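Could you have a look at this structure, given as structure tokens, before my questions?
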Amino acid sequence: MGYGQKLTASARIGGKNTEYDIRFLEPWLFDTRLSLGADIYKFSQEYNDYSRASYGTRISLGAPLYLDYTRGTLMYAYDHANISDVASTASQILKDMTGDNVTSSLALMLNRDSRDRTFNTTRGSINEASVQYAGGFLSGDEQFTKYRVRSAWFFPMFWDTVFMVQGRAGFIQNRGKLSVYQKFFLGGINTVRGYDFNTISPIDPVTGDYIGGEKMMVYNVEYAFPLLQEEGVVGVVFFDAGNVWTDESDEAYNFSGLMKSVGAGVRWFSPLGPLRLEYGWKLDKLEDESSGKWEFSIGGMM
């Protein structure tokens, strides 16, 4: 499209996950430095004890701020979710979600991104803060306010190697209704590697279901080094640590309570897009758990 406009469509189809998404970006709205983004999506996911099918839309308006590399964005989002196939043995928290749930929210985001590139970054930093308000005057079933921050720094070292340190944290204020799928979970290639996806979470003491939490903290430390420099193949070793807590927990944001892992992997910016293959070893393994797992993704960084 002309004038830098972008229209993209994507589909992800798997055994338990299906997602369709169409996005439009106008980087120069009315020939100004304002940007307009819009997307519509349809999503379905089968979990251990329930299924979720969602459709919705997001509309965003962004503008550069006075600081270099800094941008502010205001986004409205509408999501209609249907929760079904809840197991009879599932947690009562999961059973209470059954049926239709509408989330109508407004989010304000601040972003400062000075990275030289988004994949296999060699220098710079990205710092983000956001607040999302759902319900209230916006209507909808879900009633919460979600706060998130992220800071990641990349330092070029000797022999074209790169040291990265990243921290993320979040807090959710439940103002009346907060479904499990709106809560925080960790585990997987983009958070704490070596642990299964979304399995770092508070657990229902009766059923053993993962029910998510209102407080989250995760740290990642990486050291990246070139393997095949001309082909863009990079090796990486890493240390991850993070956990999720309920709002009532007295141990929230305590470093001693973090679930930890170490590992290594390979990354390549292929003709199909960024590829990541990484293995994480759990440092806080339970007796009946595996020692770790392989992680693979096609797409961007965490």
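Give the lysines reachable from K183 as a straight Cα distance under 29 Å; neighbours fewer than 8 places away on the same chain don't count.
Cross-link targets: K16, K42, K95, K146, K215, K260, K282, K285, K293.
Any chance you could check the Cα centroid distance between region 107-151 and region 233-282 for me, in angstrom?
What the calculation gives is 19 Å, centre to centre.
Under a Cβ-only charge scheme (Lys and Arg +1, Asp and Glu -1), can you give me the dipole magnitude of region 1-66 about the Cα centre, in debye to the nearest 20?
Values: 8 positive and 7 negative charges, 9 e Å.
My answer is approximately 40 debye.
Order these peptides, 102-113, 248-259, by their mean beta-carbon neighbour count within 10 angstrom, highest first. Present the calculation step by step, with values, prior to reporting the outcome.
Values: 102-113: 17.3, 248-259: 13.0.
By packing density, highest mean first, the sequence is 102-113, 248-259.
If you take the charge dipole of region 47-220 about its Cα centre, with +1 on Lys and Arg Cβ and -1 on Asp and Glu Cβ, which of H80, F137, S201 is farthest toward its positive end?
About the Cα centre, the residue reaching furthest to the positive side is F137.
Then there is this: With charges only on Cβ, +1 for K and R and -1 for D and E, what is the dipole size of the chain about its Cα centre, in debye, rounded to 20? Please report the intermediate quantities before stating the final value.
Numbers: 29 positive and 36 negative charges, 160 e Å.
Here the size comes out at about 760 debye.
Extending each Cα 7 Å along its Cβ direction at I22 and A53, get the distance between those two points in nm, one decimal.
Placing both labels 7 Å beyond Cα along the Cβ direction yields 2.0 nm.
Normalized C-alpha radius of gyration of the chain, against 2.2 N^0.38 Å?
Details: Rg = 20.1 Å, N = 302, 2.2 N^0.38 = 19.3 Å.
Dividing the Cα Rg of the chain by 2.2 N^0.38 Å gives 1.04.
Under the rule of at least 5 residues apart or a separate chain, name every residue whose amide H is placed under 5 Å from the amide H of D284.
Under 5 Å from the amide H of D284 lie the amide H atoms of K260, each far enough along the sequence or on another chain.
For a protection proxy built on the mean count of beta-carbon atoms within 10 angstrom, sort 116-122, 169-175 highest first, please.
Values: 116-122: 14.9, 169-175: 17.0.
In decreasing order of mean packing, 116-122, 169-175 become 169-175, 116-122.
Moving to a separate point now. Most fluctuating residue of D240, D284, D196 in a GNM of the chain with Cα springs under 10 Å: which is it?
With Cα springs under 10 Å in the chain, the top fluctuation among D240, D284, D196 is at D284.
Using the Cα atoms of region 42-85 to build a convex hull, what is its mean projected area in square nanometres? Before the final figure, lay out each step's value.
On the way: hull surface 18.0 nm².
Over all viewing directions, region 42-85 projects a mean Cα-hull area of 4.5 nm².
Sort 27-40, 207-220 for me by packing, meaning the mean count of neighbouring Cβ atoms within 10 Å per residue, highest on top. Each step should come with its number before you reach the end.
Values: 27-40: 13.3, 207-220: 21.1.
My ranking of the peptides, most packed first, is 207-220, 27-40.
Oh, and also: I need the shape label for region 47-220. Rule: rounded when a/c is under 1.5, else prolate if a/b > b/c, else oblate, with a, b, c from the alpha carbon gyration tensor.
Working: a/c = 2.63, a/b = 1.46, b/c = 1.80.
Oblate, since a/c reaches 1.5 and b/c is not below a/b.
Positive end of the charge dipole of region 47-220 (Lys, Arg +1 and Asp, Glu -1 on Cβ, about the Cα centre): tell me which of I93, Y210, N190 has its Cα farthest that way.
N190
Laboratory data are not the source of any read-out in this text; all were calculated from the coordinates shown. Since this is a predicted model, take the numbers as computed values, not measurements. Because the Cβ atoms are built from the backbone with ideal geometry, glycine has one as well, and the counts that use them run over all protein chains shown.
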